[in-house]
Amino acid sequence: MSRRVPSSTPVPPAGLAARIVAWQRDHGRHDLPWQGTREPYRVWLSEVMLQQTQVTTVRDYYARFLLRFPDVQSLAAASLDEVLGLWSGLGYYSRARNLHRCAQAVVTEHGGRFPGDSRTLATLPGIGRSTAAAIAAFCFGERAAILDGNVKRVLTRVLGFDGDLAEAAQERALWALAEALLPDEHVDVYTQALMDLGATVCLTRQPLCLSCPVQAECVARREGRPADFPVKTRRLKRGSRSHALLWLRWREQVLLVQRPGKGVWAGLFSLPEWDRPETLQAVSAGWPGKGEALPVVEHALTHFDWTLRPLRWTLPEKTPAAQLAVIASEAVSPGGPGRWFTLEEAAAMGLPAPVRKLLMG
């Protein structure tokens, strides 16, 4: 079905923000661990974690991060490996790397204090325009608009904005509408309300329109087509990959390699990876010990589906050091260098979620 390009910019209904604020006070979420604070470090941490991740998942990670890194100084002083280790399993690991870089920038460039305005916040690593606005609104009361995925869905449906958000001009037009809707006061409540509406009422599928405070003004509901919003025609085509993973064990230790600084699982420790199981089987054919093919792991990433075929190979405890070195070298020939870790040490490292699940059971 073809999409029409809006001939004019929708006009925000009068009083929309006030109704949204009133709804938030009575029906919004008030028990989230990062609410009720104006501490920029805590708000920033939650905003980064919540990008593309559900609240139920973030809760535990947020608590663990604050326990280990109670302030921006302690996070900046930590090693990247430690940060990645604590982030392990949360996914989208570029967020963790940017989190670490941002903490260091706040300490070295801003004296350990987050800037108090959205424009300056947006210059920090990993903080985009919407995240900067959320921090500024929640912590400093700035009238700054947010436009994350949930908010885009709410606003495009309510306003009937069917401009193609794959086009920069239409994205800018929606930003302008979001700014025009900002109330003169209670910006923090309004901002949280938009997030909560998108997360709990204005759902991607089967929105709960009867529970929405602005259902009467919602163009998408009136026209019976909420699934048509937001419009974004350019979609990434999903691909597929298949690799073999080598779980090489010796004396309760596992051989891990650190992945390159760019690409999938960048900087994380993982099992050696091979393009074809047959190649790995040929290389390992002369090794002492025993190999066991484990069940196939199907892992979905943002842009492709990944089929992983693990081979667990246990070397005899009395394997000579010289032979062990040769085997380790052969095992990591596609990557490397490899390092031996106990499972306890590995658990503290930054491991991809499927690898952690495989090793830790």
**OP:** Mind computing the radius of gyration and Dmax over the alpha-carbon atoms of the range 16-228? Å is fine for both.
**Re:** 17.6, 54
Subject >> From the C-alpha gyration tensor of the range 192-289, square roots of 5λ in Å >> reply: 51, 17, 12
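What percent do you get for the relative contact order of the range 16-228 when only Cα pairs under 8 Å and 6+ apart count? Mind showing how you got there, number by number?
Values: 247 pairs, mean separation 49.1, N = 213.
About 23 percent, as a whole number.
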Original post:
Using alpha-carbon positions, what is the distance between the centroids of the range 221-252 and the range 287-328, in Å?
Top reply: 26 Å
Original post:
For the range 34-110, treating each Cα as an identical point scatterer without solvent, what Debye log10 I(q)/I(0) comes out at q = 0.16 1/Å?
Top reply: -0.52
Original post:
How large is ³J(HN,Hα) for each residue in the range 240-251, as worked out from phi by the Karplus curve 6.51 cos²θ - 1.76 cosθ + 1.60 (θ = phi - 60°), to whole Hz, x for Gly and Pro?
Top reply: 9, 9, 9, 9, 9, 10, 10, 9, 9, 10, 7, 6
Original post:
In the chain, which helices (entire DSSP H runs) extend 30 Å or more along their own long axis, judged by Cα positions, while averaging at least 0.5 on the Kyte-Doolittle scale?
Top reply: none
**OP:** Along each of the three principal axes of the Cα atoms of the range 88-210, give the extent in whole Å, ordering the values from largest to smallest.
**Re:** 48, 38, 29
Original post:
If you rank 93, 41 by fewest surrounding Cβ atoms within 10 Å, what's the result?
Top reply: 93, 41
Subject >> Answer label for P(r) over Cα pairs in 20 Å bins from 0, in percent (calculated), chosen among (i) 26, 46, 24, 4; (ii) 28, 46, 16, 7, 4, 1; (iii) 30, 61, 9, 0 >> reply: (i)
**OP:** Go through 112, 58, 79 and say which Cα lies farthest out towards the positive end of the charge dipole of the range 16-228; charges sit on Cβ, +1 for Lys and Arg, -1 for Asp and Glu.
**Re:** 58
**OP:** Starting from the coordinates of the alpha-carbon atoms of the range 1-132, obtain the Kirkwood hydrodynamic radius over all distinct pairs and give the value in Å to one decimal.
**Re:** 16.9 Å
**OP:** Show that you can apply the helix-only estimate: for the chain, add -39,500 (n - 2.57) for every DSSP H stretch of four or more residues, divide by all residues, and state [θ] at 222 nm to the nearest 500.
**Re:** -12500 deg cm²/dmol
Original post:
Relative contact order for the chain using alpha-carbon pairs under 8 Å, separation at least 6, rounded to a whole percent?
Top reply: 18 percent
Subject >> Square roots of five times the Cα gyration tensor eigenvalues for the range 239-360, Å >> reply: 23, 16, 13
Original post:
Hey, which of these cross-link pairs are over 27 Å Cα-Cα: 262/318; 290/357; 152/262; 152/357?
Top reply: 262/318; 152/262; 152/357
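Read-outs: derived from the displayed coordinates by stated rules, not from any lab. Just so it is clear, the model here is predicted, and its values are computed rather than measured. A quick note on method: Cβ atoms are made from the backbone with ideal geometry, for glycine too, and the neighbour counts reach across all protein chains shown.
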